[in-house]
Amino acid sequence: REGTWRVSAIPVRGDGGMMLSFEDVTDVEHAGQMRRDFVTNVSHELKTPLTALLGFIETLRGPAREDAAARDRFLEIMEKEAARMNRLVSDLLSLSRVETTERLRPTEKLSLREIAGTVVNAVRPMADAADVVLRLETEEGLETSAFDVMGDPDQLQQIVLNLVENAIKYGASGGEVTIRLSLREREAVFRGPGVQLDVIDKGEGFDPIHIPRLTERFYRVDTHRSREQGGTGLGLAIVKHIVSRHRGRFRIESAPGEGATFTILLPAA
Ligand code: ADP
């Protein structure tokens, strides 16, 4: 079989023979490579804003010293870069928190409808600034408690927030973002009912070839765009881990020019 193998020769006592042992270390090798890549990526992501900060400090000490307008402009950029580093470190901490124990015991019964409402209120100013109309749609005739799931309130709020913020950041050209809540009566994957939350934007979307890699840490369709938007490249990796800890499913659909839909499906409480 193709892969990485560790071969050892062990002398067999008594008869002077040798025993050859073949051990498949492909996975170990792969995990090591992933770890090395991760450290390289993190260092690079932190180094970019740091280099900018150091450059601006230098300029403020020298040429821009007496120029008040330039000073204000540079300080603004420095604040942005520092804020990006801050977000990156927070996201790294979130990710490592949700990665350490793969499966959490659900802690509380909470309504995904209420969480979505809280998130919509929180991001309203961001949506207004981007000229995006936010819509929260709930399947008709259902109470808030119909969308109850078991979970960690902070983590569930974080995934909805990540998806809605992305929809506003990358889908703003579409002018509207819809958060839709519905119930799935019989969900084969959980052998029971499921609560579904879709975040739908009508922006530029992306080629579906990116979909399998979007939940990798630091994978971006357009790195420049993500950076410009203050992205860390970790948002969807965090979503994937939190959803899987809640025994849920996470699905992405998109096509160029047709917006994108991000779907979370959780077992109903
Ligand atoms: P970032 O911090 O870069 O936004 P994410 O992990 O949240 O990182 O998203 C990864 C990438 O997925 C983004 O850089 C962007 O290219 C793409 N993406 C995420 N959401 C959308 C969306 N709603 N529309 C188009 N592209 C998106």
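The values are calculated or read from the model by the stated rules, or taken from the named source; none is laboratory data. All values reported here derive from a predicted model rather than from experimental measurement. Here the Cβ is made from the backbone with ideal geometry for all residues, glycine too, and neighbour counts use every protein chain on show. Heavy atoms of the whole protein, side chains included, go into the accessibility calculation; ligands, DNA and RNA do not. Shrake-Rupley method; radii C 1.70, N 1.55, O 1.52, S 1.80 Å.
Residues in the stretch 251-266 that are more than 20 Å from ALA172 (Cβ to Cβ) and open to solvent by 40 Å² or more (accessible area, probe 1.4 Å): ARG251 only. Pairs linking a residue in the stretch 236-250 that is open to solvent by less than 40 Å² (accessible area, probe 1.4 Å) and among the small types (Gly, Ala, Ser) to a residue that is within 16 Å of the ligand (Cβ to nearest atom) and in a helix (DSSP H, G or I), with Cβ atoms under 8 Å and 6 or more positions apart or on different chains, are ALA237/LEU95. Does the stretch 86-96 include one or more residues that are at pLDDT below 95, under 21 Å from ARG249 (Cα atoms), open to solvent by 70 Å² or more (accessible area, probe 1.4 Å) and in contact with a helix residue (DSSP H, G or I) (Cβ under 7 Å, 6 or more places away or on another chain)? There is no residue in the stretch 86-96 that is at pLDDT below 95, under 21 Å from ARG249 (Cα atoms), open to solvent by 70 Å² or more (accessible area, probe 1.4 Å) and in contact with a helix residue (DSSP H, G or I) (Cβ under 7 Å, 6 or more places away or on another chain). The conditions of being surrounded by 20 or more Cβ atoms within 10 Å (Cβ to Cβ) and touching a helix residue (DSSP H, G or I) at 6+ places or on another chain (Cβ under 9 Å) are not met by LEU183. Note on the stretch 209-235: among residues that are hydroxyl-bearing (Ser, Thr, Tyr), within 18 Å of LYS80 (Cα to Cα) and free of Cβ contacts under 8 Å to residues at least 40 places away in the same chain, the one that is most open to solvent (accessible area, probe 1.4 Å) is THR223.
Of the strands (runs of 3 or more DSSP E) entirely within the stretch 164-269, those holding at least 2 residues that are at pLDDT below 95 occupy 176-187, 192-201. Of the residues in the stretch 56-70, none is among the acidic types (Asp, Glu) and under 30 Å from ILE238 (Cα atoms). As for the stretch 187-202, it holds at least one residue that is within 12 Å of the ligand (Cβ to nearest atom) and either open to solvent by 60 Å² or more (accessible area, probe 1.4 Å) or farther than 20 Å from LEU265 by Cα (or both).
Here ILE242 clears all of (1) at positive phi; (2) away from the ligand (no atom under 12 Å from the Cβ) except the condition numbered (1).
Consider the stretch 97-108 and keep the residues that are open to solvent by less than 80 Å² (accessible area, probe 1.4 Å) and either among the aliphatic types (A, V, I, L, M) or under 16 Å from the mean Cα position of the chain (by Cα) (or both). The one that is modelled with the highest pLDDT is VAL98. Can you confirm whether GLU58 is farther than 22 Å from ALA167 by Cβ and outside any helix (DSSP H, G or I)? Taking the combined requirement at face value, the residue does not satisfy it. In this entry, THR261 is excluded by the filter for residues that are of a type in the set (Val, Ile, Thr) and either without any contact (Cβ under 8 Å) to a residue 24 or more places away in the chain or within 17 Å of ARG84 (Cβ to Cβ) (or both).
Mind listing just one residue for me: the one in the stretch 117-149 that is part of a helix (DSSP H, G or I), of a type in the set (A, V, I, L, M, F, W, C) and at pLDDT 95 or above and, of those, nearest to LEU183 (Cα to Cα)? Taking the candidates together, the pick is PHE147. Picking from residues in the stretch 1-29 that are open to solvent by 100 Å² or more (accessible area, probe 1.4 Å) and modelled with pLDDT under 85, the one that is farthest from LEU88 (Cα to Cα) is ASP15.
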